[in-house]
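Notes for the one structure printed next.
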Amino acid sequence: MTANGPVTSRRAFVGGALAAGVAAAGGTPVASAEGLPAQGPAPLVPGPHGAPSGRYRIDLHAHVLPPEYRSALLSRGMVTIGGFPTPDWSPEAAVDFMDRYGIQAQVLSVSDPGVSFLRGVEAADLARSVNTYLAELVAREPGRFGALAVLPLPDVPASITELAHALDVLHLDGVALLSAYDDIYLGDPRLEPLMWELNRRGAYVFVHPRSLAPQDKPPVPLPDFLMEFTFDTTRAAALLIAGETLARYPRIRFQLAHAGGTLPFLAHRIGIASETVIGQQWPHGLPRPSALEVARRAGTFFYDTALSPAPASMGAVLAVADRSRVVFGSDWPFSALTLSGAGDPQPDLDQTFDTEGRLRVERLNALRELPRLAEALDG
């Protein structure tokens, strides 16, 4: 078993007992570790059906603010992230949140701005500190936490060095990237060496949006996390498709935050533009993807449910991707104001998925992609 590829263990997914319980209760049996059955885009399933009971969820969109990292942010005046007050975080608070909302494990990542507010050695040193902290936390609590490495982008050589250390030495579960660094979006040719290395490793890569610079934002009196975050995710995803990064590097498993921003809604529109007069002015050096090709590539992303469990969001995702590409995300602690109680964190998912479908989305899809965490829970 490798640290960065799909699960190939002969053992069934952790959660087999839970799946059996669903079947015993009248649900559909869940596939084993060797992969979910192939299927086309899943239709919406009328609800309510009810989430499976117990602490079974795997949270693939959860954030971490280690003490040194949070201090570095605040010391440079970063008292908000995406317009949200920079929150406190601790492992104890994270476990309390998980226990209240039926989450067995969180896969932690650093949110915007990553370490991109620093440069040179300072950025590389902070990335190494955060990744080491995450590795130590996972070693202490391997069944409660996974971790995605932060890289000192836009410094590509330093990022490739840190990637190797994070995956080969620290054995983290993957990588978290922002949608852009200094306006260099994912899909930009300047990031090609990093994409080549991520592909060689078959890495799991979580794409999180970043805040626009103040001079680049429209004068709308709303915090970035409400709308601008979704638009920036869309820009990155569209360029990953249009620049053929996805075609050249099919082994990278990209997860898009917040149900992919607006990509599912715009997938057809993005592709069909290249077939009109607009295609004659298509950016030099970029291929002109057809509507069919854009839709097909959009279906290769993973989409998380963070702040996006409503039928309108999930319906758009399922129009371009299979339900095996949907994963659960809480966005905690940034979602703490809306998730301050206990129980089902996203009851709206009942309006799209039945019980067996929720089990796949909230658990099995994640464990299929993260072998170290699956092994820890299975062991």
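The values are calculated or read from the model by the stated rules, or taken from the named source; none is laboratory data. Bear in mind that the values here come from a model prediction, so they are computed numbers and not experimental data. Note that each Cβ is placed from the backbone with ideal geometry, even for glycine, and that neighbours are counted across all protein chains shown. To get the accessible areas, we keep the full protein, side chains included, count just its heavy atoms, and leave off ligands, DNA and RNA. Shrake-Rupley method; radii C 1.70, N 1.55, O 1.52, S 1.80 Å.
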Could you give the accessible area per residue of segment 316-379, probe 1.4 Å, as a whole number in Å²?
27
Net charge of Cβ neighbours under 13 Å - reference LEU126; Lys, Arg +1; Asp, Glu -1
-1
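Compare the peptides 96-102, 123-129, 303-309 by average per-residue count of other Cβ atoms within 10 angstrom and give them in order, highest first. Present the calculation step by step, with values, prior to reporting the outcome.
On the way: 96-102: 17.1, 123-129: 20.3, 303-309: 25.9.
Output ranking for 96-102, 123-129, 303-309: 303-309, 123-129, 96-102.
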Using the heavy atoms of the protein chains alone and a 1.4 angstrom probe, what is the accessible area of segment 42-141 per residue in square angstrom?
41
What are the extents of the Cα atoms of segment 99-171 along their three principal axes, in Å, largest first?
40, 25, 14
Determine the share of segment 133-225's accessible area contributed by carbon and sulfur atoms, expressed in whole percent, with a 1.4 angstrom probe.
60
Segment 187-246: which chymotrypsin sites (Phe, Trp or Tyr not before Pro) are DSSP loop and have at most 13 other beta-carbon atoms within 10 angstrom?
none
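When you count, for each residue, the other Cβ atoms within 10 Å and take the mean per peptide, how do 137-147, 57-67 rank with the highest first?
Numbers: 137-147: 19.3, 57-67: 25.2.
Top of the packing list down: 57-67, 137-147.
Rounded, prolate or oblate for segment 300-379? Axes are the square roots of the Cα gyration tensor eigenvalues, ordered a ≥ b ≥ c, and the cut-off for rounded is a/c under 1.5. Don't jump to the answer; show the numbers that get you there.
On the way: a/c = 1.69, a/b = 1.11, b/c = 1.53.
Here segment 300-379 falls in the oblate category.
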